[in-house]
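Read-outs throughout are calculated quantities, based only on the coordinates presented, and are distinct from any laboratory measurement. What you are looking at is a predicted structure, and each value in this text was computed from that prediction instead of being measured. Positions of Cβ are generated from backbone atoms using ideal geometry, with glycine treated the same way; all protein chains shown enter the neighbour counts.
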Amino acid sequence: MQKYYMIEDNATIRSGCAYRGAESKLAEGDTPFVGYKNVDIETGIDWSDVPRVELTLKRDPQWLEDGDVLFASRGFKTYAYPVIAPPPKATCSPQFFVVTPKNPNALLAEFLAWQINQSPAQAYLERFADASTIRNIRRDVLAKMPITIPTIERQHLIAKYAKAARRAQQLHRALIDNTTQELSALASELMNGKIQ
């Protein structure tokens, strides 16, 4: 029989960086700052696209580290994104929860993020989300989410398979987009009499 755990039993959860002002009005600076527009369910966190901003803080936040997981707590897409090779002193918007496995040798961040993004976990989040126009997931709801923890070898295998599947989806989407553009160009040439 499968044993279930709660996320809080195996990971710590904290909020992203609290700062004053609007994210869109942050001045350019040295701190890599991950916002919602910098994460994608297929590609993860694109560090080359993450803006560097100036943050005025009373004290340094807990910087993002390799092996953390960012969880988008608000909106219609409450997904998780593994933090892989972040630049030094990177942080994120307070709309994220930062989930850090207590023992990375027992719970792989990429596997945890994958599991949170699957339909059973998403159904759990939907069931316990605050009822409002925009879905909001409280920290205690995420903390109590049931997860399974297979062997670390199986976690690595699942994470590798999921990465390959995402890559295949990206290639298929690019092929479809390219074919659509070619057909559109062909239709334009036909309409303009360039093809008899």
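Counting only aspartates and glutamates at least 8 places from Lys144 when in the same chain, those with an alpha carbon closer than 17 Å to its own are Glu8, Asp9, Glu126, Asp130. Under 15 Å between alpha carbons, and skipping anything fewer than 8 positions from Lys25 in its own chain: which aspartates and glutamates qualify? By straight Cα distance, Lys25 reaches Glu54. Step through the residues of the stretch 59-70 one at a time and calculate ³J(HN,Hα) from phi using the Karplus curve (6.51 cos²θ - 1.76 cosθ + 1.60, θ = phi - 60°), rounding each to whole Hz and writing x for Gly and Pro. Those phi angles translate into 8, 4, x, 7, 5, 5, 10, 4, x, 7, 10, 8 Hz. Hey, what did the chain get for relative contact order, percent, Cα under 8 Å, at least 6 apart? The normalised contact order for the chain reaches 24 percent.
On full extension, the segment bounded by Gln62 and Lys37 gains 6.9 nm, given 0.36 nm per residue less the C-alpha separation.
Look at the Cα gyration tensor of the stretch 51-113: its axes a ≥ b ≥ c give a/c of at least 1.5 with a/b at or below b/c, and that counts as oblate. When +1 charges are put on Lys and Arg Cβ atoms and -1 charges on Asp and Glu Cβ atoms, the dipole computed for the stretch 43-170 relative to its Cα centre reaches about 240 debye. Listed by chain and number, the aspartates and glutamates placed with their C-alpha closer than 18 angstrom to that of Lys3 are Glu153; residues fewer than eight positions away on the same chain are left out. Using the Karplus relation 6.51 cos²θ - 1.76 cosθ + 1.60 with θ = phi - 60°, the per-residue 3J(HN,Hα) values for the stretch 178-186 come to 5, 5, 4, 5, 5, 5, 5, 5, 4 Hz, with x marking Gly and Pro. Once a ≥ b ≥ c are taken as the square roots of the eigenvalues of the Cα gyration tensor of the stretch 59-172, is the result rounded (a/c under 1.5), prolate (a/b larger than b/c) or oblate (a/b not larger than b/c)? The shape class here is rounded. With the Cα gyration tensor of the stretch 85-145 giving a ≥ b ≥ c as the square roots of its eigenvalues, does the rule (a/c under 1.5 for rounded; else a/b larger than b/c for prolate; else oblate) give rounded, prolate or oblate? It comes out oblate by the Cα gyration axes.
Annotation for the stretch 90-141 versus the stretch 11-71: alpha-carbon center distance of 16 Å. Comparing Gln62, Ile45, Met6 along the charge dipole axis of the chain, the residue lying farthest to the positive side is Met6, per the Cβ-charge model. In the set [x] 1.23; [y] 1.06; [z] 0.98, the label that goes with Cα Rg over 2.2 N^0.38 Å computed for this structure is [x].
Once backbone amide H atoms are built at 1.01 Å from N, Met6 has Ile147 as its partners under 5 Å, excluding neighbours fewer than 5 places away on the same chain.
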